[in-house]
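The values are calculated or read from the model by the stated rules, or taken from the named source; none is laboratory data. All figures in this text were calculated on a predicted structure; none of them were measured in a lab. A quick note on method: Cβ atoms are made from the backbone with ideal geometry, for glycine too, and the neighbour counts reach across all protein chains shown. Calculation scope for accessible area: heavy atoms of the full protein, side chains included, ligands and nucleic acids excluded. Shrake-Rupley method; radii C 1.70, N 1.55, O 1.52, S 1.80 Å.
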Amino acid sequence: DLATAFNNRGQIKYFRVEFAAAMEDYTAAIECQPGFEVPYYNRGLVLYRLGCFDDAIKDFRKVLELNPQFEDAALSLKQAILDKEEKQKRGY
């Protein structure tokens with residue numbers, strides 16, 4: 001389906017380190033199928049790598065809302081929260 005196609009194309013762009021283009025595809029996948037948790041997770045990973053912890057945390061929480069058994073999202077959420085706190089402690 002279209003949402004899966006956008007997500008898969010986003011993955012290819014992610015692996016090419018084309019983060020902005022990957023996020024566009026993940027967002028398009030979400031718009032096509034808002035209940036599809038995988039593009040939220042993938043977009044969260046990009047946001048995390050870019051240091052946008054608040055937005056990454058929001059996406060990881062959405063994944064867990066849609067699928068509470070998504071273990072990688074739970075781990076990523078914990079790490080994003082820890083890294084955000086560490087960033088705040090260091091004052092940047």
Open item on the list: Tell me yes or no: at least one residue of region 17-32 is of a type in the set (Phe, Trp, Tyr) and part of a helix (DSSP H, G or I).
Closed with: yes
Task: Residue selected from region 72-92 under the condition more than 13 Å from residue 48 (Cα to Cα) and within 14 Å of the chain's Cα centre (by Cα), by the criterion least open to solvent (accessible area, probe 1.4 Å) - done: 74
- [ ] Select from region 59-68 the residues that are assigned to a helix (DSSP H, G or I) and in contact with a helix residue (DSSP H, G or I) (Cβ under 8 Å, 6 or more places away or on another chain) and list them in ascending order.
- [x] 59, 60, 61, 62, 63, 64, 66
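Each row is one residue, and each column tells you yes or no for (1) in contact with a Ser or Thr (Cβ under 8 Å, 6 or more places away or on another chain); (2) at pLDDT 95 or above; (3) among the polar types (S, T, N, Q).
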{"site": "22", "(1), (2), (3)": "no, yes, no"}
{"site": "31", "(1), (2), (3)": "no, yes, no"}
{"site": "65", "(1), (2), (3)": "no, yes, no"}
{"site": "70", "(1), (2), (3)": "no, yes, no"}
{"site": "79", "(1), (2), (3)": "no, yes, yes"}
{"site": "83", "(1), (2), (3)": "no, yes, no"}
{"site": "87", "(1), (2), (3)": "no, no, no"}
{"site": "90", "(1), (2), (3)": "no, no, no"}
TODO: Tell me which residues, restricted to region 35-50, are among the aromatic types (Phe, Trp, Tyr) and part of a helix (DSSP H, G or I).
DONE: 40, 41, 48
TODO: Search region 17-30 for residues that are in contact (Cβ under 8 Å) with a residue 24 or more places away in the chain and under 12 Å from residue 4 (Cβ atoms) and pair each with any residue that is among the polar types (S, T, N, Q) and open to solvent by 40 Å² or more (accessible area, probe 1.4 Å) when their beta-carbon atoms are under 8 Å apart and the residues are at least 6 apart or on different chains.
DONE: 29/4
